[in-house]
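Peer 1: I have a structure I would like to understand better, so I am pasting it below and will then ask my questions one at a time.
Where a number appears in this text, it was derived from the coordinates with a stated rule and is not lab data. Computed from a predicted model, the values in this text were never measured in an experiment. Backbone-built Cβ (ideal geometry, glycine too); neighbour counts: all protein chains shown.
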Amino acid sequence: MGRLVHFEIHVDDMERAKKFYGEVFNWTFEDWSEYAGMPYFGAVTGDKSEHGIDGALMQRQSPPPEPGQALNGFACTMGVADYDATEDKILQHGGKVALPKYALPGMAWQGYYMDTEGNIFGIHQPDENAK
């Protein structure tokens, strides 16, 4: 495992962002706010038969990065077979916890980390028993 399975785009204005990505790339959106506990809209980026991934628009939780910074609001999430073993590897290799492991009830375990360069990414272990 380790294949990229999800992305998030942090936004200030959800409706403006949905309009932009919908019009520019023909993405459609599903309201997943209940799982996330905040405004969070799943982005369907194409037909399931096409190669690619889906993601989400997420309400920005802090001031946006200053213009010209390397990261401007995208976080990638990788699918993993064993959340805890993957977390151990991340920490052993210099990563840090950004948002600890939490359950997406009935769906998966999720958490976020900072790599050695200060970039944020997520890991996601499917688990119907997560709660």
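Peer 1: Determine which lysines satisfy two conditions relative to K101: a Cα distance under 27 Å, and not lying fewer than 8 residues away in the same chain.
Peer 2: K89, K131
Peer 1: Same structure again: Give the aspartates and glutamates reachable from K18 as a straight Cα distance under 20 Å; neighbours fewer than 8 places away on the same chain don't count.
Peer 2: E8, E30, D31, E34, D47, D54
Peer 1: Would you mind calculating the relative contact order of segment 80-131 from Cα pairs under 8 angstrom and at least 6 residues apart, reporting the percent as a whole number?
Peer 2: 36
Peer 1: What is the distance, in nm, between label points placed 7 Å from the Cα along the Cα-to-Cβ direction at D47 and at Y102?
Peer 2: 3.7
Peer 1: Now for a separate question. Taking the dipole about the Cα centre of segment 1-57, with the C-beta of Lys and Arg at +1 and of Asp and Glu at -1, give me whichever of W27, A43, F7 is farthest to the positive side.
Peer 2: It is F7.
Peer 1: Something else now. Hey, what number do you get for the chain at 222 nm if only DSSP H runs of n ≥ 4 count, each worth -39500 (n - 2.57), divided across all residues, to the nearest 500?
Peer 2: Using -39500 (n - 2.57) per qualifying helix, the result is -5500 deg cm²/dmol.
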